[in-house]
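Student: Okay, here's the structure, questions in a sec.
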Amino acid sequence: MLEQFIYIADMIGVISCAISGVLVATRLRMDPVGIIVLAAVTGIGGGTLRDMMMGATPVFWIVDNNYTYVITITAILTVFWLKHIHRSPPYLLMILDAFGLAIFTIVGAQKALALGFSGPVAIAMGCITGVVGGMIRDLLSGQIPFVLQKEIYATASVLGGVLFVLCSYLEFTPILAMSIAISGTLSLRLSAIYWHLSLPVFASDREA
Amino acid sequence: MLEQFIYIADMIGVISCAISGVLVATRLRMDPVGIIVLAAVTGIGGGTLRDMMMGATPVFWIVDNNYTYVITITAILTVFWLKHIHRSPPYLLMILDAFGLAIFTIVGAQKALALGFSGPVAIAMGCITGVVGGMIRDLLSGQIPFVLQKEIYATASVLGGVLFVLCSYLEFTPILAMSIAISGTLSLRLSAIYWHLSLPVFASDREA
Amino acid sequence: MLEQFIYIADMIGVISCAISGVLVATRLRMDPVGIIVLAAVTGIGGGTLRDMMMGATPVFWIVDNNYTYVITITAILTVFWLKHIHRSPPYLLMILDAFGLAIFTIVGAQKALALGFSGPVAIAMGCITGVVGGMIRDLLSGQIPFVLQKEIYATASVLGGVLFVLCSYLEFTPILAMSIAISGTLSLRLSAIYWHLSLPVFASDREA
């Protein structure tokens with residue numbers, strides 16, 4: 001039951017991120033296979049780095065072909081849908097990205113706790129799982145990553161990680177803990193997008 | 001016999017990619033050690049990520065110093081050759097890159113099958129081995145990677161991977177399977193360069 | 001005694017690099033959590049890649065929470081200090097970066113030798129540990145990495161690695177070997193900054 005919940009959540013995250021990868025790829029006028037590559041990088045990049053860091057190799061998608069299939073099918077369907085609608089809805093990229101961020105954060109933190117790592121490590125692993133896929137997507141497309149812009153982004157991921165670790169220590173049922181944490185990240189990130197919220201910025205002029 | 005074939009093919013791929021790294025590095029006016037760094041990243045970056053993902057650590061070049069030596073010698077010879085000819089032949093970078101792509105794809109796919117992973121994973125590992133080195137080279141030099149441009153690139157790698165997995169299932173001898181697959185990738189990629197072939201592009205205008 | 005020496009040196013390297021990450025992050029006007037992310041990437045990025053390549057997983061900072069704490073505290077203190085002084089001292093970024101480069105090179109090379117790898121591998125691991133953190137910092141902030149500019153940089157790291165391996169073969173005490181090697185890298189890199197030293201550059205005009 002818990003396993004299925006995590007698996008389904010993870011797949012929703014992968015699909016959200018894969019679509020966001022396709023949105024960026026089509027903007028860059030990539031060919032079909034290039035689109036699938038960018039969808040895959042966005043969808044499984046974060047979890048791949050997490051697994052390599054924790055030594056949980058071979059990484060998750062190597063031992064479960066469903067990830068490859070889901071990404072490929074998502075990419076193909078998205079391309080046809082984009083051709084059909086001509087213009088994607090405004091903010092779609094950011095909203096999908098927010099769902100990926102929220103879900104991957106909790107999946108990553110949960111995996112770290114399940115492997116016996118400490119709370120701070122779980123929060124870090126959640127953040128890495130959540131932000132790295134989109135980070136590589138942005139790097140590859142020649143942009144400074146989302147996560148490094150001033151809008152609340154990594155902050156939302158850390159909030160979700162802290163909530164999850166806290167709820168786990170308080171011995172909430174895992175599914176409740178995950179739901180609370182996903183809602184936390186998602187509502188903070190979506191609020192930030194909607195109201196253009198940002199934390200105070202510490203800027204300084206400095207030499208190169 | 002098979003082992004030697006793979007080893008020699010791999011070295012040819014490493015040399016091709018190392019030279020391509022030097023070509024980019026000299027264009028960026030890097031110092032000698034920087035040139036060797038970029039040559040190394042291009043030559044062994046893809047295989048390094050592949051091995052880390054599959055848990056085949058320590059990665060291949062750590063347990064076999066020949067890779068480090070071959071890259072260093074290749075970089076030094078290439079620099080002297082470039083000084084001598086003043087201008088490198090047109091398309092040299094792209095052609096070397098094509099050889100690296102074709103060989104690394106098959107070396108990666110072969111290693112994945114040999115470690116007992118499935119066909120789809122072998123195709124993905126081949127693609128990662130083939131494209132990641134050049135991808136990091138381009139990223140480091142401040143360009144959007146080759147692989148994300150519209151010309152057929154990752155597509156050629158996937159074609160090679162599919163051919164290799166197919167030939168392996170049909171129980172061709174490994175050397176025949178590898179030769180067919182390398183030829184497949186190489187001819188598709190070289191044709192794409194020569195005739196400026198590209199797959200249809202799915203572009204869309206979208207919000208940031 | 002040796003272990004403590006290495007641990008303290010490593011922490012000084014992490015603090016130097018974390019501050020350099022904060023300097024870049026504040027220039028990019030990032031939010032507090034983004035600042036910590038960039039500080040962390042710069043401080044532990046190189047060692048993370050080193051450990052993943054050598055199969056020394058889970059990587060070092062996952063099994064020792066001190067790294068996470070030190071980076072977070074360093075980032076917070078640096079932000080307050082920057083707010084207080086308004087303008088950071090000239091060359092601060094480059095000097096901190098030089099300390100990180102020198103220390104991480106030797107920590108990386110030492111770990112590789114301790115795990116039983118060969119001299120050339122130790123030099124490569126030292127270089128990777130030394131340059132990769134700053135490289136990712138620069139990539140993420142949309143710049144061509146320091147290491148690929150013409151000033152002596154990777155060269156200084158390789159010099160340190162060679163000195164350390166040499167001193168180890170000559171059976172110097174580890175602490176003496178590390179001190180010599182750190183001084184070597186540091187003095188070469190600081191000289192390069194101060195006198196704008198650079199190795200001869202091998203540039204060539206070439207097609208794209």
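Quick note: the coordinates plus some simple rules give every number you see, no bench work behind them. Note that this is a predicted model, so its numbers are computed, not measured. We place every Cβ from the backbone using ideal geometry, glycine too, and count neighbours over all the protein chains shown.
Student: Under a Cβ-only charge scheme (Lys and Arg +1, Asp and Glu -1), can you give me the dipole magnitude of the stretch A:2-194 about the Cα centre, in debye to the nearest 20?
Tutor: Details: 9 positive and 9 negative charges, 107 e Å.
Roughly 520 debye for the stretch A:2-194.
Student: In debye to the nearest 20, how big a dipole does the stretch B:99-208 give about its Cα centre with +1 on each Lys and Arg Cβ and -1 on each Asp and Glu Cβ?
Tutor: That gives the stretch B:99-208 a dipole magnitude of about 140 debye.
Student: Taking the Cβ of B:Gly47 as the centre, find all other residues whose Cβ is under 15 Å away and add up their charges (Lys, Arg: +1; Asp, Glu: -1).
Tutor: Values: positive: B:Arg50, B:Lys111, B:Arg137; negative: B:Asp10, B:Asp51, B:Asp64.
So the environment of B:Gly47 carries a net charge of 0.
Student: With the dipole of the protein assembly as shown worked out from charges on the C-beta (+1 for Lys and Arg, -1 for Asp and Glu) around the Cα centre, which of C:Val165, C:Ile128, B:Leu92 lies farthest toward the positive end?
Tutor: Toward the positive end, the furthest listed residue is B:Leu92.
Student: Net charge around C:Gly161, counting only other residues with Cβ within less than 14 Å of its Cβ (Lys, Arg = +1; Asp, Glu = -1)?
Tutor: +3
Student: Where along chain B is the Cβ that lies nearest the axis linking it to chain C, and how many Å separate them?
Tutor: Result for the axis mapping B onto C: B:Met52, 3.
Student: Let me ask something else. What are the label-to-label distances in nm, one decimal and shortest first, from C:Tyr91 to the same spot in the other copies, with labels 7 Å along Cα to Cβ?
Tutor: Ordered by increasing distance: 5.0, 5.0 nm.
Student: Another question about this same structure. Step through the table entries A:Lys83/A:Lys111; A:Lys111/B:Lys111; C:Lys83/C:Lys111, compare each Cα-Cα distance with 31 Å, and write down the pairs that go over it.
Tutor: A:Lys83/A:Lys111; C:Lys83/C:Lys111
Student: Here is a further query. Could you work out Rg/(2.2 N^0.38 Å) for the stretch B:2-195, with Rg from alpha carbons only?
Tutor: Cα-based Rg divided by the globular estimate yields 0.97.
Student: What share of Cα pairs, in percent, lie more than 24 angstrom apart in the stretch B:1-108? Mind showing how you got there, number by number?
Tutor: Values: 1270 of 5778 pairs.
Tail of P(r) above 24 Å: 22 percent of Cα pairs.
Student: Count, for each residue of A:105-111, the Cβ atoms from other chains sitting within 10 Å of its Cβ, then give me the mean as a whole number.
Tutor: Numbers: counts 0, 0, 0, 0, 0, 0, 0.
Mean number of neighbouring Cβ atoms from other chains: 0.
Student: Which residue, chosen from A:Ile44, A:Gly34, A:Tyr69, occupies the Cα position most advanced towards the positive end of the dipole of the stretch A:1-89, where the dipole is computed from +1 (Lys, Arg) and -1 (Asp, Glu) charges on Cβ about the Cα centre?
Tutor: Looking along the dipole axis, the top candidate is A:Gly34.
Student: In which sequence would A:Trp61, A:Trp81, A:Trp195 go, from the one with the fewest C-beta neighbours within 10 Å to the one with the most?
Tutor: Numbers: A:Trp61 23, A:Trp81 12, A:Trp195 8.
Starting with the residue having the fewest Cβ neighbours, the order is A:Trp195, A:Trp81, A:Trp61.
Student: In peptide C:113-125, how many Cβ atoms from other protein chains are near each Cβ within 10 Å, on average?
Tutor: 3
Student: Below 11 angstrom from the Cβ of B:Phe60, what's the summed charge of the other residues (Lys, Arg +1; Asp, Glu -1)?
Tutor: Net local charge, B:Phe60 excluded: -1.
Student: Which helices, counted as full DSSP H runs in chain C, have an axial Cα extent of no less than 30 Å and a Kyte-Doolittle average of -0.5 or above?
Tutor: C:2-27, C:32-54, C:92-114, C:119-140
Student: Can I ask one more? What is the ratio of the Cα radius of gyration of the protein assembly as shown to 2.2 N^0.38 Å, with N the residue count, to two decimals?
Tutor: Rounded to two decimals, the normalised Rg is 0.93.
Student: Helix-only mean residue ellipticity at 222 nm, chain A, DSSP H runs n ≥ 4 weighted -39,500 (n - 2.57), per residue, nearest 500. What is it? Numbers along the way, then the final one.
Tutor: Details: 7 runs with 151 residues, N = 208.
-25500 deg cm²/dmol, from helical runs alone.
Student: Between A:Trp195 and C:Ser183, with labels modelled 7 Å along Cα→Cβ, what's the label distance in nm to one decimal, could you check?
Tutor: 5.9 nm
Student: Output, in nm with one decimal and in ascending order, the distances from the B:Gly116 label point to the matching label points of the other copies (7 Å from Cα along Cα-to-Cβ).
Tutor: Spacings between copies for this position, smallest first, are 2.2, 2.3 nm.
Student: What gaps in nm, shortest first, separate C:Ser187 from its twins in the other copies when you place the label 7 Å past Cα toward the beta carbon?
Tutor: 6.1, 6.1
Student: Roughly how crowded by other chains is peptide A:48-59, in terms of the mean Cβ count from those chains within 10 Å of each of its Cβ atoms?
Tutor: 6
Student: In debye to the nearest 20, how big a dipole does the protein assembly as shown give about its Cα centre with +1 on each Lys and Arg Cβ and -1 on each Asp and Glu Cβ?
Tutor: Roughly 1160 debye for the protein assembly as shown.
Student: How far is the Cα center of the stretch C:41-65 from the Cα center of the stretch C:84-138, in Å?
Tutor: Answer, in whole Å: 13.
Student: Could you calculate the FRET efficiency of A:Phe5 with B:Leu176 from 1/(1 + (r/R0)^6), where r is the beta carbon distance between them and R0 is 45 Å, rounded to 0.05?
Tutor: Efficiency, from the Cβ-Cβ distance: 0.40.
Student: Mind giving me the nanometre distance, one decimal, between the label points for B:Leu166 and B:Ile144, set 7 Å out from Cα along Cα→Cβ?
Tutor: Taking the simple label geometry, B:Leu166 and B:Ile144 are separated by 3.1 nm.
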